[in-house]
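The values are calculated or read from the model by the stated rules, or taken from the named source; none is laboratory data. Just so it is clear, the structure is predicted and the values come from calculations on it, not from any experiment. Here the Cβ positions follow ideal geometry from the backbone for every residue, glycine too, while neighbour counts run over all protein chains shown. Only protein heavy atoms, including side chains, enter the accessible area calculation; ligands, DNA and RNA are left aside. Shrake-Rupley method; radii C 1.70, N 1.55, O 1.52, S 1.80 Å.
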Amino acid sequence: PTARAHGQVLEILIDSGEKYPYRFSGQQATTVRERLACGDYVVQLAGDVVAAVERKSANDLISSMISGRMRFLMAELAALPRAAVVVEEGYSKIFKHPHVAGSVAAERLAEIQAQFPAVPIVFCETRPLAEEWTYRWLGACQYELELAAGTSALEESFSHALDAYATAPPIQPKPAAIRAWARQAGLTVADKGRIPPEIRAAWDEAHHVL
């Protein structure tokens, strides 16, 4: 598929330490190589990393789980707004490790997924499918977080407007309006000159002016 991810051309940052990285040459994306603090592929909003994907082979995933490194990595990924791990092989591959029993690998994987539910671990059957999933997922994250940021800014602007309205001084009525109201209320008021304080007080009380 060559359609844009959520209608946008992504700028994907790739960790400079990543060997044989995805090039996204078949997708509508530009890439920048630099050292990343977390993840192998990330997208940013306003200069901040908002979504990251860590790439693993099945054997690398198993080795990381057995050594304990995977828990530290998942904790770092979980601290980001969005993060995921993509495995370039199917789930069945974890049962074929030459040195780790399949039941042990499956148990460790289940424990990590239960401990870090906000960081999905996705198995794709081939490297091209893993690259395609990474592109689509990063695009979806960027789109959703852009929408959330726009909604938050709109709500903040609306809140400021309400605060300004609430603290604004009441609009003062024109003397002619007060005189007309006083006459309708049966109060005596001159056609010209200063509005008497008692008439003004009666107006304020009738109109709930503090």
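Consider residue 144 carefully, then state whether it is open to solvent by 80 Å² or more (accessible area, probe 1.4 Å), modelled with pLDDT of 75 or more, over 34 Å from the mean Cα position of the chain (by Cα) and among the charged types (D, E, K, R).
No; evaluated as a whole, the condition is false for this residue.
Residue check, residue 129 against (1) surrounded by 14 or more Cβ atoms within 10 Å (Cβ to Cβ); (2) modelled with pLDDT under 90, all met but one. Which one?
(2) is the only condition that residue 129 fails.
Considering only segment 55-89, state which residues are touching a Cys at 6+ places or on another chain (Cβ under 9 Å) and open to solvent by 20 Å² or more (accessible area, probe 1.4 Å).
73, 76, 79, 80, 81, 82, 88, 89
Taking segment 70-107 as the region of interest, how many residues are under 27 Å from the mean Cα position of the chain (by Cα) and without any contact (Cβ under 8 Å) to a residue 60 or more places away in the chain?
17
Select from segment 108-117 the residues that are among the hydrophobic types (A, V, I, L, M, F, W, C) and loosely packed, with under 13 Cβ neighbours inside 10 Å and write down the one among them that is farthest from the chain's Cα centre (by Cα).
Filtering first and then ranking leaves 110.
Give the residues of segment 108-138 that are assigned to a loop (DSSP other than H, G, I, E, B), without any contact (Cβ under 8 Å) to a residue 40 or more places away in the chain and of a type in the set (Val, Ile, Thr), sorted by residue number.
126
For segment 22-49, give me the residue count where each residue is more than 22 Å from residue 113 (Cβ to Cβ) and either in contact with a Lys or Arg (Cβ under 6 Å, 6 or more places away or on another chain) or open to solvent by less than 20 Å² (accessible area, probe 1.4 Å) (or both).
The qualifying residues number 4.
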